[in-house]
Every structure is written in structure tokens, then in C-alpha cells.
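First the structure, in the form of C-alpha cells, and then the observations on it.
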Amino acid sequence: MLSPWDRWYSTSCCLCCHVRTGTIILGVWYMLINAVVLLILLTALSDPEQYHLTSAELANDLDVMDDANMCIASAISLLMILICGMATYGAYKLRAAWIIPFFCYQIFDFALNTLVAVSIVVYPNTIEDYLQQLPENFPYKEDVAALSSVCLVFIVLLFISCILSFKAYLIGCVWNCYRYVSGRGSSEILLYVSTNDTTVTLLAPPL
């Protein structure tokens, strides 16, 4: 009898890619995205007059992004670059422990998106409230606002469901990579055969 974890275990992802290679590509991709975000935030901090969004532009009583929030966002982006770099290094150097922080981030991100989907189902009026807060010159704002609330909820839930399915698949790929690297490390058993004057080291073949 195979356990559910073993039943879903696979060393391939995206139909043709090894889970180790896929994790490396995913880690590099996340690092690039967060590096771009960090660059934009640092540029906005260096020139606040050009990138600062005031309350009048979004019809709010509060500013969208002040300096403190930008500093926090920059720190989060820097932390994400570090976590993604650890996952990339762990997959490349076969260090399973280095992959765990990135896997935990994926679980946390998936849980947040699931909570967003649940909140939309419980409070469907939040979509209309969000549309009203958008700027008047926002593209297709009037067309979207003209749709019924049921249609809006259905479209948003369908979009979030596609995102959650894709994120769940990526979580499975990273988890399979972690299992592969862990199994690879445990299979490399050193056998020491001692004789009177020599010691021979035998290395078990990798999986």
C-alpha cells in the first residue's frame, strides 16, 4: 500500500523538466521578480516627488504608499530574494534544508490567496467597494462596474481558482524536489571496511 505522499511523488514537472531543475528555475524567476520590485521601491524612495501617489489621485483619505511602507516593502522584497536564493542554492547543491524556507513561503502565500477567495464568497460586496475606490481614468472601470454582482464574483473566483491551482502545482514541485534531495542525501551511505593497514570507503550509488 502506497501512502498518499508516495502516490503523488514524481521527479518530473511541467511534463519534461526534473523537479530539481524546475525548483532552480522557479527560484531564479522569483528572485528576478523581487529584484525588479526592490529596484522600483528604491527608485521611488530616492525620488519621492515623482512616484508618490497622493490621496487625491485615488480618492482616498490616506496616502497609498508613504516612506515607512516603502521601507517595509523593500525589506520584504530583500527577504524574498534571500529565501529564493536559498532555495536555488539548496536545489543546486542538494541541500534539502535550504529549500524549506521557500516551501513555507509558498504555503503561506497559498493560504493568503485561499483566505481572499473565502472572503469574496462571504462578503461579495467587497468587489464593488474595491471598484469604487479605483481612479476615474482606470481602464474599463465603467464596463466592469456595469456587470452584475453575481457575474463579478464568478469571474473573480474563477480567476483566483486558476491561480490557486497553479500555485498548488508549484508547491507540489518544490515538495517533490525536497523529497528527492532528501532521499539523495540519505542514500549516500559511507561504508568503511577496515583491515589491518587500510581503510576502503564505498559510496552507495545515487538514486
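The values are calculated or read from the model by the stated rules, or taken from the named source; none is laboratory data. Just so you know, these numbers come straight off a predicted model, no measurement behind them. Heads up, the Cβs are rebuilt from the backbone with ideal geometry, glycines too, and the neighbour counts pull from every protein chain shown. Side chains are part of the model used for accessible areas, which takes the heavy atoms of the whole protein and leaves out ligands, DNA and RNA. Shrake-Rupley method; radii C 1.70, N 1.55, O 1.52, S 1.80 Å.
In this calculation the C-beta distance from Phe154 to Gln133 is compared with R0 = 25 Å, giving a FRET efficiency of 0.70.
Assuming R0 = 22 Å, can you tell me the calculated FRET efficiency for the pair Trp29 and Ile76, based on Cβ-Cβ distance, to the nearest 0.05?
Result of the calculation: an efficiency of 0.80.
Rolling a 1.4 Å probe over the heavy atoms of the protein chains gives the range 70-188 an accessible area of 61 Å² per residue. In the range 98-143, the portion of solvent-accessible area held by carbon and sulfur atoms comes to 66 percent [1.4 Å probe, whole percent, DNA, RNA and ligands not counted].
Given an 8 Å cut-off on Cα distances and at least 6 residues of separation, report the relative contact order of the range 97-190 as a percent.
After rounding, I find 44 percent.
Counting 0.36 nm for each residue step from Ala117 to Phe166 and taking away their Cα separation leaves a gain of 16.2 nm.
Other residues whose C-beta falls under 14 angstrom from the C-beta of Thr88 contribute a net charge of +3, scoring Lys and Arg +1 and Asp and Glu -1. Taking other residues whose beta carbon is less than 15 angstrom from the beta carbon of Arg20, and scoring Lys, Arg as +1 and Asp, Glu as -1, yields +4. The loop-placed chymotrypsin sites (Phe, Trp or Tyr not before Pro) in the range 132-173, going by DSSP, that have at most 11 neighbouring Cβ atoms within 10 Å of their Cβ come out as Tyr140.
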